[in-house]
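Take a look at the structure below.
The values are calculated or read from the model by the stated rules, or taken from the named source; none is laboratory data. Quick caveat, the model's predicted, so the values are computed rather than measured. In this analysis, Cβ positions are derived from the backbone assuming ideal geometry, glycine residues included, and neighbour counts consider all displayed protein chains. Ligands, DNA and RNA are stripped out before the accessible areas are found, and what is left, the full protein with its side chains, is counted by its heavy atoms. Shrake-Rupley method; radii C 1.70, N 1.55, O 1.52, S 1.80 Å.
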Amino acid sequence: MERAIGRLALGRGGPRDMLLLSVSLTQTNTLHEQLRTLEIPEFLREARDMLSGHHALADRLSAALKPEVGMFARDGNFIADGFRPDLDEYRRLRDESKRVIAAMEGQLKEATGIPSLKIKHNNVLGYFIEITPLHEKKVPIDFIHRQGLAGALRYTTAELNDTALKIEQAADKALKLELQLFDELRTEILQHGKEIVAAARALAVIDCTTALAERARAGNWVRPTITTAREFVVEAGRHPVVEAALRRNHEEFIANDCVMGV
């Protein structure tokens with residue numbers, strides 16, 4: 001989490017850093033709720049309290065980001081569908097232009113009563129409506145004449161021009177909007193930077209303590225009693241690293257007593 005914050009602060013971070021923070025903060029909130037019901041030492045209570053207060057940012061990031069994202073913001077396609085309706089529209093036009101044009105063609109056929117009406121495209125006119133001269137009298141008043149051929153009449157409409165422009169610009173606009181949203185999310189994250197770093201360090205404390213507790217339970221370790229006496233007494237002492245190494249070789253570790261005093 002600290003590395004992700006650092007990369008974002010330096011302008012080197014990407015969508016994966018944000019997704020990492022999204023998942024981490026969600027888990028942090030969950031862990032805080034679980035620890036609230038436990039009797040734990042004071043230093044762990046202090047760490048636990050640093051895990052709270054991240055729900056709004058975690059929810060925001062979770063809603064904004066796709067479950068799988070790329071490494072670089074410049075590649076786009078990391079903002080979740082439904083987060084911004086205008087972005088969804090740009091993507092729809094970018095990815096489904098043929099379906100969009102086909103739907104418009106069907107609507108125009110029904111509205112004009114010209115079953116042979118087609119929406120076509122070429123490099124000179126772009127998108128245009130084509131009908132045969134036989135149906136010229138059915139052409140609506142809002143159709144704009146573009147070109148007349150021996151066997152076809154070509155028109156456009158304000159709606160078709162607008163849709164064609166959107167299709168042509170959709171990919172660029174989609175990426176531009178995603179980069180804008182990335183900067184907005186980055187700003188929100190950095191506004192909570194100190195709290196996130198504090199939560200990360202609290203998690204490190206809890207992680208380290210939990211790992212040691214797990215090993216102590218598995219190895220039946222005993223916490224020493226600390227006194228002011230000038231003596232050192234160990235009964236059936238073991239070395240955890242040496243013992244683990246011997247176990248891997250199927251060898252037995254022999255516990256040792258140790259008594260040192262004045």
(request) Report the residue count in the stretch 1-19 for those that are in contact (Cβ under 8 Å) with a residue 24 or more places away in the chain and open to solvent by less than 30 Å² (accessible area, probe 1.4 Å). (result) 6
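Scan the stretch 108-133 for residues that are modelled with pLDDT of 90 or more and among the hydrophobic types (A, V, I, L, M, F, W, C) and jot them down.
Leu108, Ala111, Ile114, Leu117, Ile119, Phe128, Ile129, Ile131
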(request) Hey, could you check the stretch 25-57 for residues that are of a type in the set (Ser, Thr, Tyr) and under 18 Å from His192 (Cα atoms) and say which is least open to solvent (accessible area, probe 1.4 Å)? (result) Thr28
(request) Check whether at least one residue in the stretch 97-108 is of a type in the set (Asp, Glu) and touching a residue at least 12 places away in the same chain (Cβ under 8 Å), and report yes or no. (result) yes
(request) Go through the stretch 9-21 residue by residue and tally those that are in contact with an Asp or Glu (Cβ under 9 Å, 6 or more places away or on another chain) and closer than 24 Å to Ile206 by Cβ. (result) 1
(message) Give all pairs with beta carbons closer than 7 Å in which a residue from the stretch 222-245 that is on the phi > 0 side of the Ramachandran plot meets a residue that is acidic (Asp, Glu) and assigned to a helix (DSSP H, G or I); count only pairs at least 6 apart in sequence or on separate chains.
(response) none
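Quick grid of which residues meet (1) within 25 Å of Pro41 (Cβ to Cβ); (2) assigned to a strand (DSSP E or B):
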| residue | (1), (2) |
| --- | --- |
| Leu212 | yes, no |
| Arg223 | yes, no |
| Thr228 | yes, no |
| Ala244 | no, no |
| Met260 | no, yes |
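Before we move on, is Glu178 assigned to a helix (DSSP H, G or I) and open to solvent by 50 Å² or more (accessible area, probe 1.4 Å)?
no
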(request) Scan the stretch 189-238 for residues that are open to solvent by less than 40 Å² (accessible area, probe 1.4 Å) and more than 30 Å from Ser22 (Cα to Cα) and jot them down. (result) Ala216, Gly219, Gly237
(request) Just need a number here: residues in the stretch 158-201 that are without any contact (Cβ under 8 Å) to a residue 40 or more places away in the chain and among the hydroxyl-bearing types (Ser, Thr, Tyr). (result) 1
